[in-house]
Amino acid sequence: ALNETEPEVVIGPEPEPLPEPNLPDIATVPDVEPNPEAAELIVEATALLSETPSRIIDAREKLNDALRMPM
């Protein structure tokens with residue numbers, strides 16, 4: 001007889017593991033030329049973050065300007 005206070009637990013077979021995905025090799029070659037202006041803004045923003053005290057607001061503005069440019 002089953003104990004009425006505990007539910008019956010049924011354990012089924014373990015599920016089969018999923019096969020590893022077969023992903024194609026993708027070459028990570030840029031399809032556009034880098035924008036030197038955007039690169040310069042990123043360099044300037046990085047320099048601003050390195051200053052003491054940090055000029056994080058100025059760096060954010062530089063990065064926002066860079067995001068508006070084609071990279």
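All of the numbers you see were taken from the coordinates with simple rules; none came from a lab. Predicted, not measured: the structure shown is a model, and the values here were computed from it. Backbone-built Cβ (ideal geometry, glycine too); neighbour counts: all protein chains shown.
Here are a few things to note about the model shown:
- Condition broken by E16, with the remaining ones in (1) exposed (fewer than 10 other Cβ atoms within 10 Å of the Cβ); (2) in a helix (DSSP H, G or I) satisfied: (2)
- Within segment 31-55, the residues that satisfy the criterion of being in a helix (DSSP H, G or I) and not β-branched (V, I, T) are P36, E37, A38, A39, E40, L41, E44, A45, A47, L48, L49, S50.
- Cβ-Cβ contacts under 8 Å between residues 6 or more apart (or on different chains), taken from a first residue in segment 58-71 that is within 19 Å of D31 (Cα to Cα) to a second residue that is outside any helix (DSSP H, G or I), are listed as M69/N35; P70/V32; P70/N35; M71/V32; M71/P34; M71/N35.
- Pairs meeting the criteria (first residue in segment 9-35 and without any contact (Cβ under 8 Å) to a residue 60 or more places away in the chain, second residue assigned to a loop (DSSP other than H, G, I, E, B), beta carbons under 8 Å, at least 6 apart or on different chains) are V32/P70; V32/M71; P34/M71; N35/M69; N35/P70; N35/M71.
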